Amino acid sequence: MLHVRNQAASLPAARATAADPPPTVTDGSPRVKPRDPYFDNAKYLAIVLVGIGHAWTPLRGDSRTAAALYDFVYTFHMPAFILLAGYFSRGFTGRPEQLKRLITGIGIPYLLFEVGYILFKRWGTDDPDYPFSLLDPYYVTWFLIALFVWRLTAPVWRVVRWPLPVALVIAALASVSPQLGDDLNIQRVLQFLPFFVLGLKLRPEHFELLRRPFARPAAVAVLAAALGAAFWVSPRVEHSWFYRTNSAQEMGADAWGGIGAAFALFGAGLVLTAAFLALVPTRHTWFTALGAGTIYGYLLHGFIAKGSRWWDWYEAGWVSTPTGHVLVTLIGAGVITALCTSPVRRAFRFLVEPSMDWAFTQEARRPPSRRPARSS
């Protein structure tokens, strides 16, 4: 991911979400129904892009190809996760059992991993005085705090008359408001908000459109064109525009440029997200089961990604060769895949999906009701 506190995480959802944190999909919906392999496939493939994107980060300076691929992936991998997170938050109304899952599936993991990453930073860089700050998400933990905020606001977007236009205005204004500061990585929370709100308003039939015969050829054409555009754009545009971490003024642009960039990034992210989702397999595959563990891959792979840079793993001679770039890509994909597997999930469930029934009332521990969820 990107430099210390500011780079986009790339992807996933906490206990709840491909959608929930970058990953598992616990949407707070009261209905109990079989998992759709399509969404698990989408989450797995998106988290693989997150891992690969972070593996490419140190390669960008020496390779225009790596830089272009990096910008291409960063245009849509987080928007895809966030859109799915919104989709699986449609049933969130703030009931006690939903709030319990919000706290234990997102809030508590955020606190634990934020502390864990800071301790790792202190040890890995021999910087024992690096400060703790629960208001300043470190590396991949930004997505958890953002998802926590977005999920809490889900009932609000259900009653707003024009939710997506309102969210887009908020994102555009945030992009030209440096006075917002850095607490809770608020720029990302607000600038990525439209994708979450759009997800809230989607229905199953919208995803069915992506399964029609024309969708896949069109998606291939769109992604190919976008990849070609990335080779032209990459040397001319600062990578950090894709992170949504800073305001336009902090990026050296004026207010109108920032507003234009906010809308352009949303449009590009939406089109490429649709193309990506159109290519996702709808059937069960060898990696479908891994889609339920993407939050594990997301939260755990950051330790390896950071350590690889602190300890100069990229200084090895073979890394700078074309073959080395391919191997780095495969290693990034392989590591994050391994971290989504069942043995890893069992080992780290106490951190990522703690139960904590002892801390909640009987009402909050009650199983969800069987009444139909709103489709919004």
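The values are calculated or read from the model by the stated rules, or taken from the named source; none is laboratory data. Given the structure is predicted, the values throughout are model-derived calculations rather than measurements. Here Cβ is always computed from backbone atoms with ideal geometry, including for glycine, and neighbour counts include all displayed protein chains. The area values use the complete protein model at the heavy-atom level, side chains included, leaving out ligands, DNA and RNA. Shrake-Rupley method; radii C 1.70, N 1.55, O 1.52, S 1.80 Å.
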Return yes or no: is residue 200 open to solvent by less than 30 Å² (accessible area, probe 1.4 Å), among the aliphatic types (A, V, I, L, M), touching an Asp or Glu at 6+ places or on another chain (Cβ under 9 Å) and in a helix (DSSP H, G or I)?
-> no
Would you call residue 168 closer than 26 Å to residue 278 by Cα, under 19 Å from the mean Cα position of the chain (by Cα), part of a helix (DSSP H, G or I) and modelled with pLDDT of 95 or more?
-> yes
Whichever residue in region 230-264 is within 13 Å of residue 64 (Cα to Cα) and among the aliphatic types (A, V, I, L, M) and, among such residues, is modelled with the lowest pLDDT = 237
Among the residues of region 126-144, which ones are assigned to a helix (DSSP H, G or I) and either within 13 Å of residue 85 (Cβ to Cβ) or open to solvent by 40 Å² or more (accessible area, probe 1.4 Å) (or both)?
-> 143, 144
Residue among 91, 105 that alone is in a loop (DSSP other than H, G, I, E, B), over 28 Å from residue 329 (Cα atoms) and open to solvent by less than 20 Å² (accessible area, probe 1.4 Å) = 91
Among 207, 143, which is aromatic (Phe, Trp, Tyr) and over 17 Å from the mean Cα position of the chain (by Cα)?
-> 207
Among the candidates 228, 302, which residue alone is without any contact (Cβ under 8 Å) to a residue 40 or more places away in the chain and open to solvent by less than 50 Å² (accessible area, probe 1.4 Å)?
-> 228
Kindly list, by first and then second residue, each pair from a residue in region 329-347 that is within 26 Å of residue 63 (Cβ to Cβ) to a residue that is among the aromatic types (Phe, Trp, Tyr) and not in a helix (DSSP H, G or I), limited to pairs with Cβ atoms under 8 Å and residues at least 6 apart or on different chains.
-> 337/287
Pairs, first within 14 Å of residue 313 (Cα to Cα) in region 54-69, second at pLDDT 95 or above and aliphatic (A, V, I, L, M), C-beta under 7 Å, six or more apart | 54/305; 55/328; 55/331; 56/69; 59/328
